[in-house]
Amino acid sequence: MKRLSFLFLFTLISSLSFGWGEIGHHIIAEIAKAHVNNNIQDSVNKYLGSMSWESAATWMDDMRRNKEYAYFKTWHYINIEKDMPYDSTKTG
């Protein structure tokens, strides 16, 4: 029983290290879409074309895994020290 409990706990903790994941990104996209007015939705839809909000939310993850677009890796996120202001000149 201890072994099973450890395995469950290890799996749970390690899955948290993967960040939002695809489902988390999709949920955030749905929440964002639900909280903007129709004009904003129309504008976003215009730029997305046939891509859904959910697909757009994971697009960067998909691109950074593609070796042809390896340079996107530094575009995916930035780390900002706690309580420090954001400085756009210190990214990538």
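Details
- Residues that are at pLDDT 75 or above, among the acidic types (D, E) and exposed (fewer than 10 other Cβ atoms within 10 Å of the Cβ) do not occur anywhere in the range 3-24.
- Just one of the listed residues (K33, K73, K67) is of a type in the set (D, E, K, R), on the phi < 0 side of the Ramachandran plot and in contact (Cβ under 8 Å) with a residue 12 or more places away in the chain, namely K33.
- All positions within the range 44-72 that are among the aromatic types (F, W, Y), more than 20 Å from A32 (Cα to Cα) and surrounded by 13 or more Cβ atoms within 10 Å (Cβ to Cβ): Y69, F72
- Failed criterion for T74 (all others in (1) modelled with pLDDT of 80 or more; (2) in a helix (DSSP H, G or I) hold): (1)
The values are calculated or read from the model by the stated rules, or taken from the named source; none is laboratory data. All of these numbers come straight from a predicted model, not from anything done at the bench. Reconstructed Cβ throughout: ideal geometry from the backbone, glycine too, with neighbour counts over all protein chains shown.
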